[in-house]
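Below is one structure, written out as structure tokens; the observations come after it.
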Amino acid sequence: MTGTNRSAQFRLRDMAWKALRIRFGIHGKVNDDLAALNKRLDTYPENHTYRVLAGKLHACWKLRSRWRRLSRAYPARAHTFLDVGSCKGYFVLRQAMQPVCQRAFGIDAVAAFVDVANDVARRVGLESKAQFKRMTLDEAAGAVEVIGGPFDFVQMISTYHYIYWGSRLCDARTMAHEPIMAHLARLCRGAVLLASPLCVNEAPEYIRECANGRSHNYSQEAFLNAAGRHFQVYRLGYLQPVRRRRPILLMVRNTNPETQVWFDGGTKAERLK
């Protein structure tokens, strides 16, 4: 996106925000604090942008459509939920709003994301059900009981490749599939919903640069071999369906005898491993 287009986009957002302030009667110091909170939510990454208005979450189109696509695979009977790479917390907060959910937890390696997510939880009255902590995946796996696990349902969306390779915001990396799968298995007693690029040429530019000229084992085949030791793996579709990129995978724990429960609601699934 060019600088001109980005500036125009931000101007339109500000105009829309002012209109909503008028509609909902948002004014005064308390609501200036709300405006400051929403400004913090309106930051990178843009596909995780949402705002708080009248005690409700209002997501941008991309985040809302992603929630609709992914939440179809959420099990109806999951009482506990973990989001690995929870970013600004939208998925955790939405899941915490479900009556069946007793506890939703999000971990992220970026402090700013964790702080704003916790502030939103307090703002909308969900702090007793939704909590966020700055942690890496291996730290969480080493403190399963401390953070309330193992969890019925675990989500990892557009995060796996960063845990493997590291990122510009967090340089921690594993460079191997098996440790990641072992950590997820420790944290999960039901199923994991995962969507990420599983080959380098579909990954973000930073990861392609990391992989350039380096020997690695980052491929879908290697991923599935490692995942198959702990999970039954099903493909539900793609986050980018037109280009068939970023497969949406449901990984059911091998120790879970009720595999079929994860496909309630007519979810179509292709067994991969």
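A few points about this structure:
- Subset tally (residues that are open to solvent by 20 Å² or more (accessible area, probe 1.4 Å) and within 14 Å of the chain's Cα centre (by Cα)) for the range 160-183: 2
- Among the candidates Val116, Val100, Val92, residue that is over 14 Å from Arg186 (Cα atoms) and part of a loop (DSSP other than H, G, I, E, B): Val100
- When each of Leu63, Leu70, Leu82 is tested for being in contact with a Gly (Cβ under 7 Å, 6 or more places away or on another chain), at pLDDT 90 or above, open to solvent by less than 60 Å² (accessible area, probe 1.4 Å) and on the phi < 0 side of the Ramachandran plot, the lone residue that passes is Leu82.
- Identity of the residue in the range 118-159, within 15 Å of the chain's Cα centre (by Cα) and open to solvent by 50 Å² or more (accessible area, probe 1.4 Å), that ends up nearest to Pro204 (Cα to Cα): Arg134
- Every pair of residues 6+ apart whose Cβ atoms lie under 7 Å, when the first sits in the range 136-156 and is more than 16 Å from Val192 (Cα to Cα) while the second is open to solvent by less than 30 Å² (accessible area, probe 1.4 Å) and assigned to a helix (DSSP H, G or I): Ile147/Ala140
- Scan of the range 185-198 for residues that are in contact with a Lys or Arg (Cβ under 9 Å, 6 or more places away or on another chain) and either buried (at least 20 other Cβ atoms within 10 Å of the Cβ) or not in a strand (DSSP E or B) (or both), ordered by number: Ala185, Cys188, Gly190, Ala191, Val192, Ala195, Ser196, Pro197, Leu198
The values are calculated or read from the model by the stated rules, or taken from the named source; none is laboratory data. Everything numeric in this text was worked out from a predicted model, so none of it was measured. Heads up, the Cβs are rebuilt from the backbone with ideal geometry, glycines too, and the neighbour counts pull from every protein chain shown. For the accessible areas, the whole protein counts, side chains as well, though only heavy atoms, and no ligand, DNA or RNA atoms are used. Shrake-Rupley method; radii C 1.70, N 1.55, O 1.52, S 1.80 Å.
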